[in-house]
Amino acid sequence: ATLHDYFTSVIAADQKIEPRDWMPDSYRKTLIRQIAQHAHSEIIGMQPEGNWISRAPSLKRKAILLAKVQDEAGHGLYLYAAAETLGISRDELVEMLIEGRQKYSSIFNYPTLSWADVGAIGWLVDGAAIVNQVPLCRCSYGPYARAMIRVCKEESFHQRQGFEILHVLAHGTPAQKAMAQDSVDRWWYPSLAMFGPPDTDSAHTAQSMAWKIKRFSNDELRQRFVDMCVQQADVLGLTLPDPDLRWNDDRQAHDYTQPDYAELMRVIKGEGPCNRDRIAHRRRAHADGAWVRDAAAAYAAKQAERQEERKVAA
Amino acid sequence: ATLHDYFTSVIAADQKIEPRDWMPDSYRKTLIRQIAQHAHSEIIGMQPEGNWISRAPSLKRKAILLAKVQDEAGHGLYLYAAAETLGISRDELVEMLIEGRQKYSSIFNYPTLSWADVGAIGWLVDGAAIVNQVPLCRCSYGPYARAMIRVCKEESFHQRQGFEILHVLAHGTPAQKAMAQDSVDRWWYPSLAMFGPPDTDSAHTAQSMAWKIKRFSNDELRQRFVDMCVQQADVLGLTLPDPDLRWNDDRQAHDYTQPDYAELMRVIKGEGPCNRDRIAHRRRAHADGAWVRDAAAAYAAKQAERQEERKVAA
Amino acid sequence: MKPTVDHVLAIADDALITAQRLGEWYAAAPEMEEDVALANIALDQLGAARLLLTYAGELEGAGRDEDALAFLRDDREFRNCLLVELPDADFAVTIVKLLFLSAWQLPLYAALAEGDDERLAAIGAKARKESAYHLDHSSQWTIRLGDGTEESHRRVQAAVDELWPYAHELFAADPAAPVDPAGLRDAWLSTVEGVLAEATLRRPADGWGPAGGRTGVHTEHLSYLLAEMQVLHRAHPGATW
Amino acid sequence: MKPTVDHVLAIADDALITAQRLGEWYAAAPEMEEDVALANIALDQLGAARLLLTYAGELEGAGRDEDALAFLRDDREFRNCLLVELPDADFAVTIVKLLFLSAWQLPLYAALAEGDDERLAAIGAKARKESAYHLDHSSQWTIRLGDGTEESHRRVQAAVDELWPYAHELFAADPAAPVDPAGLRDAWLSTVEGVLAEATLRRPADGWGPAGGRTGVHTEHLSYLLAEMQVLHRAHPGATW
């Protein structure tokens, strides 16, 4: 049997490919691209929410938000580590991010304009991420699947926190309720767009499904998300901004208006409201921190040298 | 008659020394030091008040404050111009300021902690400045005397504006009135200290008086200021924070508690609350603006060259 | 027909936010003369903003004066274009923002001065003269920076490239406006292209045009600006100053 | 005897303002691991602040909870030392501020943990463990920066020089305080001097010691920090979140 046959048989048996295993180059590349994009999304995703850390309206909310943004940094770290098992370094990946050669989730190119947006991101954006990611816990590549299990556990915690923020607002003062509704109005369609273009236009789906990296199509996942949200919006007492949203008894699912995919393409291309700010922020942090990283490296080298000298002397 | 005799006779006749006239080196140096310090004070003095431009509580107050800070820049400019008539360049003077080799009024090393401080600076600090400066309108050095006439006119306008700010606060809500009183409590003694050490300790007074640069002693001016403020504080309905302040019928003046001159000396030495911030701000502005000044100079040189070429070609 | 409140607020908020950003330069300009000039321009913009806000408040008829409108609206209620709220990262950005804005305000105020609405005509007549000075000042600096040193050329070109997309929002067609902004684009382009050419600067290609300011969907920067601008006024509800 | 409200507020506000400053670093630390670490420390400080503010509110007995104290006092009512409110101009400043603060918080919390007041003892017992981590983290970085490159040595020495005077305020004698700060100076000095020595850094001379924080006379920086921190809470009086 060839290496390729072995690879195929592992996939067919629903078992895991591990870093030590042979894998086709295109499988490796697809995974690197996807995991990196996922890691970048965690890192860039710190910005829109972090924007409200300094202004969180209560100390409890400030603590929860700080912890959430910290979790995102943590997710970024272990996703980069998962990507590194595929033979690429974090430094290379970060370089590709700040040079715009790799993408991150387009949703983070929208601005957070109010505190309610922190809630909406938790509820809708993290909600969509979970729908996307739960199947990835069974992904064929072991390190990615295991990272996803951990990420999903924390994400569902974040999603509940976001829901709770909106719930409090929606049951608060009229101004708070308006803030919550405004936020849902702005985040609904961008969240639907997070599942990517419709299946008819999706480039990578078939191969990824065959490799069991992907388990459901974009449209299947989007539908699942819509059905989930309708119920929760009802509990919140907020309206999803789609007049054509309704239960379809035949399909046993909700009919809904598709997001503006042309807008999605524009945002992916770089023309969202915040693309430049997000990348500029990352670049600035990277550049401003260079002297610190250099210092840490220089100190570590000196320490190693000193230890070497001590050994020689001993 | 020697040049020195002529100089002395002009002074004696209460006439003006002009830039073209011979003058003793020490007279020139004294004037340069004093005018430069005065100019620096205008420039550094923009900072404590400028600190409230962005937060002024009404648009009208914002406009008045912007205009005032602008006036200070203007005062700085014509005071530097007056110093330049003595054969020193503005660039040299600015250099001495940011290197800490020349002083500015120590009062600007106190922080502006509330909006009322904008009022207190106008009322007390500009008030003290006027008491100091009105006699300078008759100073023996012509360009300085003329600059002072213009400065004093604007300063008395500023002083009235400061008084008005405090008046509105003192007659406003309890919180506003408390803000005004707190501000007067903090600025009173530093304002008294603006007149310098007591006459018994003052180094430059005698010679400056003889030269008619200075016309009254520190203590005379300070007394005049106290007497003026007592009356105005009464109109404001605010208390000057000196329990021993009272009318002395024999002296036909108010007795009052001297400011803490040891504190004044510490602040002059550099140990006021804001000395470092003020100079750091000035340095940063100077450094950040270097590329702009370079560009303006380069452009001017190019233009001159082009004009030269056009002349040659014509 | 009277102009709508939102249309007047748009012009007012452009001026107000510009004044606020310029006010941040106090005691920090590259030259002392420029400290004076920037404060002057800030004062002009603030003056126009006050007249316009007062008029907007009267049109609204809900008893809001200039201060209520300036200090008690949140960012979603502000109608300024995004251009003016962007942070002034350096002097080049400040100058190019002012160039783009004043090259728009000048023909706008001129048209208002000739328009039907008496109040706007009076405000326009006053403000157009000031705009002419703002345009001249920012043009001269753009030229000096563009045709100055390598460093200044690089910086001002970067500012032009960065800000160009935000200019599109200024010209979004709105036939119901007192002056339809779409009609101002030719005058603007001819002014700005002339300045850029003299400054030896490259005119960026048109393309992406972020918008939203006129409907209250701003950048993340505006709410910080307002937090600072409004803090004192809001801390003392009902007080007079 | 119960501690006074002001004494508890002093410790609480130190922690709260520290958390607020550290929170500004989100997504901007030199390394991603450091993003995690700084958020961790911010969370610890915030956690201690919340317990202390709650206790201060109870001691005051006027019905103010942690949020009322955090969001509805103005800068003249804050009791934190000046050190913690200074802007974090670069990473070196952040680290040295944290070094100076945690080398003070650690013996303070340890002493509170052994003290008479049960509430403060419980808070101190929890917070001292966290302080030990903060001190370790900031010490390690101080050493790395001091003994790293020429550039990092220059920067961290500048931060030490700049901040040293502000440390004096921490030790102003106050025999009425739950723990007299004057008694913490020896432990602090021995810790900090040790770290500076290992970091090959010069220990500045003592001298000027700006103060005022404990009586509410702050630097000009604090009111800006509070304007941002409090803006949303204050915009919705009486709302719950």
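Annotations
- Residue A:227 paired with residue D:161, simple spin-label distance in nm, labels 7 Å along Cα-to-beta-carbon: 6.8 nm
- Rounded to 0.05, the FRET efficiency of the residue B:304 and residue B:248 pair, given R0 = 60 Å and the Cβ-Cβ distance, is 0.35.
- Each residue of region B:109-122 was assigned a 3J(HN,Hα) from its phi angle through the Karplus expression (A = 6.51, B = -1.76, C = 1.60, θ = phi - 60°), giving 8, 9, x, 9, 9, 8, 4, 4, 5, 5, x, 5, 5, x Hz with x at Gly and Pro.
- Checking every one of the trypsin sites (Lys or Arg not before Pro) in region A:8-104 against DSSP loop status and a limit of 10 other Cβ atoms within 10 Å picks out A:20, A:101.
- Computed over chain B: relative contact order in percent, which uses C-alpha pairs under 8 Å that are six or more apart: 18 percent
- Where N is the number of residues in region A:59-180, Cα Rg divided by 2.2 N^0.38 Å: 1.20
- Cα-Cα P(r), chain D, percent of pairs per 10 Å interval: 8, 33, 38, 18, 4, 0
- Listed residue pairs exceeding 22 Å between alpha carbons, taken from A:16/A:153; B:302/C:129; B:29/B:103; A:153/A:269: B:302/C:129; A:153/A:269
- Distances from residue A:8 to itself in the other copies, using label points 7 Å out along the Cα-Cβ axis, amount to 11.6 nm in increasing order.
- Rg and Dmax, both from the Cα atoms of chain B and both in Å, are 21.7, 82.
- Accessible area per residue for region C:95-219, computed on protein heavy atoms with a 1.4 Å probe, is 39 Å².
- Residues in region B:287-307 occluded by at least 30 Å² - accessible area, probe radius 1.4 Å, against chain by itself: B:291, B:292, B:293, B:295, B:296, B:299, B:302
- In Hz, Karplus ³J(HN,Hα) per residue of region B:151-159 (6.51, -1.76, 1.60; θ = phi - 60°; x = Gly, Pro): 4, 4, 4, 5, 5, 6, 5, 4, 5
- Cα principal axis extents for region B:122-227, largest first, Å: 51, 31, 16
- With both labels modelled 7 Å from their Cα along Cα-to-Cβ, the residue C:126 to residue D:202 distance reads 5.8 nm.
- Residues whose amide H lies under 5 Å from that of residue B:253, counting only those 5 or more places away or on a different chain, are B:248; hydrogens are built 1.01 Å from N in the peptide plane.
- Lys/Arg +1, Asp/Glu -1 at C-beta; chain B dipole; positive extreme among B:50, B:216, B:181: B:50
- Relative contact order, percent, chain C [alpha-carbon distance under 8 Å, six or more residues apart]: 24 percent
- Inter-site label distance for residue D:172 and residue B:220 at 7 Å from Cα along Cβ, in nm: 4.0 nm
- Looking at region D:134-241, the trypsin sites (Lys or Arg not before Pro) that sit in a DSSP loop and have at most 15 other Cβ atoms within 10 Å of their own Cβ are D:202.
- Distance between region C:1-43 and region C:113-138 - C-alpha centres, whole angstrom: 14 Å
- Of all accessible heavy-atom area on region C:155-203, the percent that carbon and sulfur account for (1.4 Å): 53 percent
- If you plug the beta carbon distance of residue A:89 and residue A:15 into 1/(1 + (r/R0)^6) with R0 = 25 Å, you get a FRET efficiency near 0.35.
- Gain in span if fully extended, residue B:234 to residue B:29, counting 0.36 nm per residue against the direct Cα distance: 69.6 nm
- Amide H within-cut-off set for residue A:141, under 5 Å, with H built and near neighbours excluded: A:17
- Neighbourhood net charge (12 Å Cβ-Cβ; Lys/Arg +1, Asp/Glu -1) for residue C:207: -1
- C/B buried area, accessible surface, summed, 1.4 Å probe, Å²: 4000 Å²
- Kirkwood-type hydrodynamic radius, region A:1-60: 14.8 Å, calculated from all non-identical alpha-carbon pairs.
- Over all pairs of different C-alpha atoms, region C:1-98 has a mean inverse distance whose reciprocal, the Kirkwood radius, equals 14.0 Å.
- Pairs of Cα atoms in region B:100-168 fall into 10 Å distance bins, from 0 up to the last occupied one, in shares of 21, 41, 30, 7, 0 percent.
- 3J(HN,Hα) along region D:198-204: 5, 7, 6, 9, 7, 7, x Hz, from the Karplus curve 6.51 cos²θ - 1.76 cosθ + 1.60 with θ = phi - 60°, whole Hz, x for Gly and Pro.
- Dipole size of the protein assembly as shown about its Cα centre, with +1 on Lys/Arg Cβ and -1 on Asp/Glu Cβ: approximately 800 debye, rounded to the nearest 20.
- Net charge over other residues, Cβ less than 11 angstrom from the Cβ of residue A:10 (K, R count +1; D, E count -1): -2
- Evaluated over the protein assembly as shown, the Cα radius of gyration and Dmax, each in Å: 32.4, 119
- Amide H contacts under 5 Å for residue A:102, placed H, 5+ residues apart: A:97
- Rounded if a/c under 1.5, otherwise prolate or oblate - region B:189-279, Cα gyration tensor axes: oblate
- Sorted shortest first, the separations between the residue C:136 label point and its copies elsewhere in the assembly read 6.8 nm; each point sits 7 Å from Cα along the Cα-to-Cβ line.
The values are calculated or read from the model by the stated rules, or taken from the named source; none is laboratory data. Remember, it's a predicted structure, so these values are computed and weren't measured experimentally. Neighbour counts are summed over all protein chains in view; Cβ atoms, including those assigned to glycine, are modelled from backbone coordinates with ideal geometry. In case anyone asks, the SASA skips ligands and DNA or RNA and just uses the protein heavy atoms, side chains included. Shrake-Rupley method; radii C 1.70, N 1.55, O 1.52, S 1.80 Å.
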